[in-house]
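Scroll down for the structure; my scribbles are underneath it.
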Amino acid sequence: MDIVTAAAPPFFENGYLVTCEETLETVIIDPGDAVDDLIEHATAERLKVTMILLTHAHLDHVSGVGRAKAAFGVPIWLHRDDLFLYDGVSDQGRMFGLAVATQPPVDHFYEPNQRLTFGRYVVDVRHTPGHCPGGVCLAIGRADGDARELF
């Protein structure tokens, strides 16, 4: 598993590219303000981005979703309980004095104990409300093994 992390002002939230080193299939996790760095890296390395995965919908984690969607044309995943935050991202931005664009519609909502796949990897989605109602943890690891990296 190859992991690229990027962060940018004003919040310095971590966004990630997680790539299967064998197939180059990649997921983008939480494309916030550093989305341009993630897009540039994925393009330069000819990665095959397959999904945009959101751990939650606070503005620092979703402000770049539209640009990622435009760049790669892949589905956006979110927990349904955070849809109100996602849909209200422009209002969230105004609270911080920031202009944040409305993001494109969510394509899929995580289901209980959902498992997604890319390349030779699986993403086990675990609903972990607390920080926000639809927060999730993404446990990513090889499909043929038990070890996981937690996002």
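The values are calculated or read from the model by the stated rules, or taken from the named source; none is laboratory data. Keep in mind that what you see is a predicted model, and the values were worked out from it rather than measured. With ideal geometry, Cβ positions are generated from the backbone for all residues, glycine too; neighbour counts draw on all protein chains shown. Side chains are part of the model used for accessible areas, which takes the heavy atoms of the whole protein and leaves out ligands, DNA and RNA. Shrake-Rupley method; radii C 1.70, N 1.55, O 1.52, S 1.80 Å.
Within segment 136-151, work out how many residues are in a strand (DSSP E or B) and either open to solvent by 20 Å² or more (accessible area, probe 1.4 Å) or within 14 Å of residue 79 (Cβ to Cβ) (or both). Of the residues in that region, 6 qualify.
For segment 21-37, enumerate the residues that are in a loop (DSSP other than H, G, I, E, B) and of a type outside the set (Ser, Thr, Tyr). I'd like the intermediate steps shown before the answer.
Going through segment 21-37, the residues in a loop (DSSP other than H, G, I, E, B) turn out to be 21-24, 30-34.
Hits for segment 21-37 are 21, 22, 24, 30, 31, 32, 33, 34.
Taking segment 1-20 as the range and being in a loop (DSSP other than H, G, I, E, B) and of a type in the set (S, T, N, Q) as the test, only 14 passes. So which pairs qualify, if the first residue must be in segment 115-135 and more than 14 Å from residue 18 (Cα to Cα) and assigned to a loop (DSSP other than H, G, I, E, B), the second must be open to solvent by less than 80 Å² (accessible area, probe 1.4 Å) and of a type in the set (S, T, N, Q), the Cβ gap must be under 6 Å, and the two must be at least 6 apart or on different chains? Listed pairs, sorted by first residue: 135/128. Of the residues making up segment 26-53, just one is free of Cβ contacts under 8 Å to residues at least 12 places away in the same chain and either buried (at least 20 other Cβ atoms within 10 Å of the Cβ) or charged (D, E, K, R) (or both), namely 40.
Here is a yes/no grid of residues against (1) within 27 Å of residue 127 (Cβ to Cβ); (2) open to solvent by less than 50 Å² (accessible area, probe 1.4 Å):
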position: 8; (1), (2): no, yes
position: 15; (1), (2): yes, yes
position: 55; (1), (2): yes, yes
position: 62; (1), (2): yes, yes
position: 77; (1), (2): yes, yes
position: 84; (1), (2): yes, no
